[in-house]
Amino acid sequence: MAQIIKNAMPPERKRVIDALHLREPDLVPIGLWGTIEGYQNLRKGIGMDFKADPKDYRTGSTTWTTDVSFELDIAEKLGVDFVRIAIGSPGGSPGFREIQFDEIPFDMGIPPPSVDINVDEWGVIRKWTPHEQGGYYEMIGYPLFHATSAPLEEGLRILDEFPWPNAWDESCLEDSPIPGMTLREYCKFIREETPFALLGQGGRGGIFEQAKYMVGYAKIFSDFIESPEFLEEMLRRLTDIEIDFNKAIIDECGEYIDWMRMSPEDLASEKTAFLSLKMFDRQVKPHYVRGFREIKEHYLKKNPLGKIQFHSCGAIPEPFMRGLIESGVDGYDSLPPKVARHSNPAAKKRQLGKEMFFYGGIDVQETLPWGSVEDVRNEVRQRIWEMGHGGGFLLSSSHRLEHDVPTQNVLAMIDEARSYGRYPLPTDPPPGADTGEGYEPWSGERKRRRRPSRTRSTAARAA
Amino acid sequence: MALFIETEKEWDIEDLQYDFEDSLETDRWLDAPSEIKELFHEIEWNIIDGEHEDTSDLIHPALDADVSPRTLVAGPMATGIAEVGRRFKMDEYFLPEVMMSAKCMHSALGILKPLIVAEKSEEIGTVVVGTVQGDLHDIGKKIVAMMLEAAGFTVVDLGVTVPPEDFIAAIREHQPQIVGFSALLTTTMNMQWETIKHLQKEGMRGDVKVFVGGAPISQAWCDKIGADAYGVDALVAVEKAKACVQEYKDIKGGDPALHGAMLAVDAQRVAEQAAKLEAASG
């Protein structure tokens, strides 16, 4: 690894900082993220050794995902521009923390499951679900399901007594992808001894996202209508914890982290948002505004050039994105390309390209796993042309690289991004790029039929 | 290599842009007395508005007015939830509203199901049904199970997210003529195929006739994965299930002849509908 002259910014890092600040860099910056199996395959594919046991890897985000922080040797070999780091789990070992059902310190309201399980620091129970190569943890138990089903007062009492994870636990910051280094030492090493920019994730669950895990996907959505007070209190507490985890990593290594990623908050399906705009604005956004603004303020004291990035899968319509910008978000990942056109990458760039940067964009649902090398190259050209003009684009896969992504496709993605992604970018669109022709904005929230007065509800009739 | 999933069932947006109010004007319950029609409209709107307590409150008055449970399910409940589906498709409704409407259906079906099951006539066969592993949806499957019971089948409902091993154990235990796999997601429909493969591996494919259904499922998918029959809706599923245990009871599961016979049931229904339409217009 080339020795970096202290205080001089290496081109890799400068490229990333330029993109984050919506300036055109020399090249479109590139980074990678993947599952452990995807990562092992990639290392194997390019002739590098790898650890066979997934448990030897440090995970990139939360305990339950089989998501890995790419090590520096592969980052250097593939010539990417940035690497990722995340805070560890409180009180646990790096990566997975497996505890038994009877060790859960509170009443789950369900009988002990009969299968191999994993319980994370929130008390969410997951079942190991194998696939062709490796597997993942599938949620089967929700620690606050019984609380949200209880009367409000009882529910609030459970929230009050719940053993929430402690963000200030020192073990969160104890380890890093390099054995023997603390998180702070690792971040310092990246800054001083390597050319890479660093993306840091502090949160360990999120706000709306973790709320889904706490009560279950089916319950959370009816709670918006049936138990708004309980939901409000739960989201308030989750926001406090998100703030604390982020402050913990910022206090420890904020000056070495070039930009921060908030905990993932999936807000949308591939078709549209999960919630109506009204519900989002009233019941979710205020927590984002409070949480993200406080985190950002704290972060900017440590790193005045810092930016914060928000993750959601799916097709988030523009009005929701405006709410995110209002809450202090500077950038958005992971830009899935095969979603409804009102919110595809090109639409996002046209709508918001002057206000935020974008990260991700190369399809992991079809192109990377199943496409040919030429398909990958085409898509990289399309995405760079759509997203890259004016800077503000960091290229990566649109979600984790999984075990079924062939190595040659990853190499083609990087190679094409390096040759096509050279600024100034071509003005003429490559074949297949979304030029905005025939685009129609999101049509949601149209005025809908009201209930005819002749069909009054039972309550109205009684009154 | 992961499976590439084809789904061809995509509604045309034009079809969905009909005006619900217009459809209220055209009287859908032509032969019902006016107070029942009003009750039907109220049940329908309670489902659309997601008021589950109000919905179940109206079920008994409807039953008292001599409306059959099956008419309620196929009538105002079906049209109400269809309107909810339309609104969801058009980005007028989002998941919270849909969940509330689903609750209405559950609470009403809770009252109606025992009554429909009690209507059951003679015993004609056994069916094992379940939603495949990884999928938590069960309203559609419950409706099919209920209709099957009413038609005289003994139905063993294994619930949601049923692993292939549980289907196999249930088939061994209950010896059904038919097994039905439900899947509501494009991501879980593949488990229908996996479950069929498990049946084959266990050498049990010939013992049962495999039915598949669910929103993303189509006849093409049924053909592709080697299932015997696809039920486009609950009534068709019942019609085919009856044919399976009566006319075609001697054909084994997985036999191409059975598959052809099931397609013929569809063809006959389409022909009958066409004839009816022609008679009405001519």
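FYI, it's all coordinate maths here, none of it is from the lab. Bear in mind that the values here come from a model prediction, so they are computed numbers and not experimental data. Methodologically, a virtual Cβ is constructed for each residue, glycine included, from the backbone with ideal geometry; neighbour enumeration extends over all protein chains shown.
Listing A:S419, A:S149, A:S176 from the residue with the fewest other Cβ atoms within 10 Å to the one with the most, what is the order? Show your work: numbers first, answer last.
Working: A:S419 12, A:S149 16, A:S176 22.
Going from least to most buried by this count: A:S419, A:S149, A:S176.
Please compare each pair in A:K307/A:K354; A:K44/A:K188; A:K247/A:K302 to a cut-off of 18 Å on the Cα-Cα distance and tell me which ones are over it. Intermediate results must be reported in sequence, preceding the final value.
On the way: A:K307/A:K354 15 Å; A:K44/A:K188 29 Å; A:K247/A:K302 11 Å.
Listed pairs above 18 Å: A:K44/A:K188.
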Problem - chain A, helix-only ellipticity at 222 nm - DSSP H runs n ≥ 4, -39,500 (n - 2.57), divided by all residues, nearest 500 - result: -11000 deg cm²/dmol
Practice task
Choose one answer from B:M100, B:M189, B:M262: the residue with the largest mean-square fluctuation in a GNM of chain B with alpha-carbon springs under 10 Å.
Solution key: B:M100
Handout entry: At 1.567 mPa s and 4 °C, Stokes D of segment B:125-270 from Kirkwood alpha-carbon radius, µm² per second
Key = 89
Practice task
Could you work out how far the C-alpha centroid of segment A:10-57 sits from that of segment A:397-417, in angstrom?
Solution key: 10
Practice task
Between B:L95, B:L263, B:L63, find the one with the highest GNM mean-square fluctuation for chain B; connect C-alpha pairs within less than 10 Å.
Solution key: B:L95
Handout entry: For chain A, cysteines whose Cβ has no other cysteine Cβ within reach (under 4.7 Å)
Key = A:C172, A:C313
Problem - Normalised contact order of chain B, rounded percent, pairs of Cα under 8 Å and 6 or more residues apart - result: 15
Problem - Using θ = phi - 60° and Karplus 6.51 cos²θ - 1.76 cosθ + 1.60, couplings along segment A:213-224 (whole Hz; Gly, Pro as x) - result: 6, 6, 10, x, 4, 6, 6, 4, 6, 6, 4, 4
Practice task
Rounded to the nearest 10 degrees, what's the angle between the helix B:164-174 long axis and the longest principal axis of chain B, both from Cα atoms, 0 to 90?
Solution key: 90
Fill in the blank from the handout: Neighbours of A:S312 by Cβ distance under 11 Å: Lys/Arg at +1, Asp/Glu at -1, summed charge -4
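Got the relative contact order for chain A handy, in percent, Cα pairs under 8 Å and 6 or more residues apart?
Numbers: 898 pairs, mean separation 83.1, N = 463.
Computed value for chain A: 18 percent relative contact order.
Considering just Cα atoms, how many Å³ per residue does the convex hull of the protein assembly as shown enclose? Intermediate values should be presented prior to the final figure.
Numbers: hull volume 134.3 nm³, N = 745.
Residue-normalised Cα hull volume stands at 180 Å³.
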Handout entry: Proximal lysines relative to B:K103, as straight alpha-carbon distance under 17 Å, when same-chain residues fewer than 8 apart are discounted
Key = A:K219, B:K113, B:K141, B:K142
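Grab the other residues whose beta carbon is less than 10 angstrom from that of A:F358, score K and R as +1, D and E as -1, and report the net.
Details: positive: A:K348, A:K349, A:R383; negative: A:D333, A:E386.
Residues close to A:F358 contribute a combined charge of +1.
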Fill in the blank from the handout: The rounded separation in angstrom of the Cα centers of segment A:254-318 and segment B:233-253 is 53
Completion exercise
Note to self: C-alpha centroids of segment A:150-228 and segment B:39-89 sit apart, in Å, by 42
Handout entry: Computed over chain B, Cα set: Rg, Dmax in Å
Key = 19.4, 59
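Would you tally the net charge around A:A433, using a Cβ to Cβ cut-off of less than 9 Å, leaving A:A433 out, and scoring K and R as +1, D and E as -1?
Numbers: positive: A:R381, A:R383; negative: A:E386, A:D434.
Taking every Cβ under 9 Å from that of A:A433, the sum is 0.
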Exercise for the section: Mind pulling the angle between the C-alpha long axis of helix B:256-281 and the longest principal axis of chain B? Nearest 10 degrees, somewhere in 0 to 90. Expected result: 20
Problem - Rounded to the nearest 20 debye, dipole of chain B from Cβ charges on Lys, Arg, Asp, Glu - result: 1460
Practice task
Go from 0 up to the bin containing the longest alpha carbon distance in segment A:285-367, width 10 Å each, and give me the % of pairs per bin.
Solution key: 18, 48, 27, 7, 0
Completion exercise
If amide H atoms are modeled at 1.01 Å from N in the peptide plane, then the residues at a separation of 5 or more from B:T126, or on another chain, having amide H under 5 Å from its own are B:T154, B:Q177, B:I178
Completion exercise
Cβ density ranking, 10 Å radius, fewest first, applied to B:S218, A:S398 yields B:S218, A:S398
Practice task
Mind listing the long-range amide H neighbours of A:Y332? Cut-off is under 5 Å, sequence gap 5 or more, other chains count too, H placed in the peptide plane at 1.01 Å from N.
Solution key: A:F310, A:F357, A:F358, A:Y359
